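A.B. asks: Before I ask anything, here is the structure I am working with.
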Amino acid sequence: MDLRNLRIAAHVELISLLVMLANIATAHLQAVSSLMGPTHGCAYLFVVIGTWRGKQATARTRATALLPGIGGLLVVHRLAT
């Protein structure tokens, strides 16, 4: 997996989670929830599947990818070093 694509998906995952949490804490608009929910889910799955398919990922890195929100960024950091 290309590290650039994984980095983009990790950022989308984190930003969409933050937007969803801010939406719940404030106005709780249905339109925001129905847009951000699938966006976050797709980005999360992209990070998890991309990490698990990567040949250089260790078992610890694969487990880290399962953390919602921050897991993708941690995986990118581990794979970049």
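The values are calculated or read from the model by the stated rules, or taken from the named source; none is laboratory data. Here the structure is a predicted model, which means the values were calculated and not measured. Heads up, the Cβs are rebuilt from the backbone with ideal geometry, glycines too, and the neighbour counts pull from every protein chain shown. Please note that ligands, DNA and RNA were not included when accessible areas were found on the heavy atoms of the full protein model with its side chains. Shrake-Rupley method; radii C 1.70, N 1.55, O 1.52, S 1.80 Å.
A.B. asks: State which residue pairs qualify: first residue within 13 Å of VAL12 (Cβ to Cβ) and free of Cβ contacts under 8 Å to residues at least 12 places away in the same chain and inside region 31-51, second residue open to solvent by less than 40 Å² (accessible area, probe 1.4 Å) and not in a helix (DSSP H, G or I) in any location, beta carbons under 7 Å apart, and separation of 6 or more residues or different chains.
C.D. replies: No pair meets every condition.
A.B. asks: Take THR81 and tell me if it is more than 14 Å from the chain's Cα centre (by Cα) and hydroxyl-bearing (Ser, Thr, Tyr). First the steps, then the outcome.
C.D. replies: On the way: more than 14 Å from the chain's Cα centre (by Cα): yes; hydroxyl-bearing (Ser, Thr, Tyr): yes.
Answer is yes for this residue.
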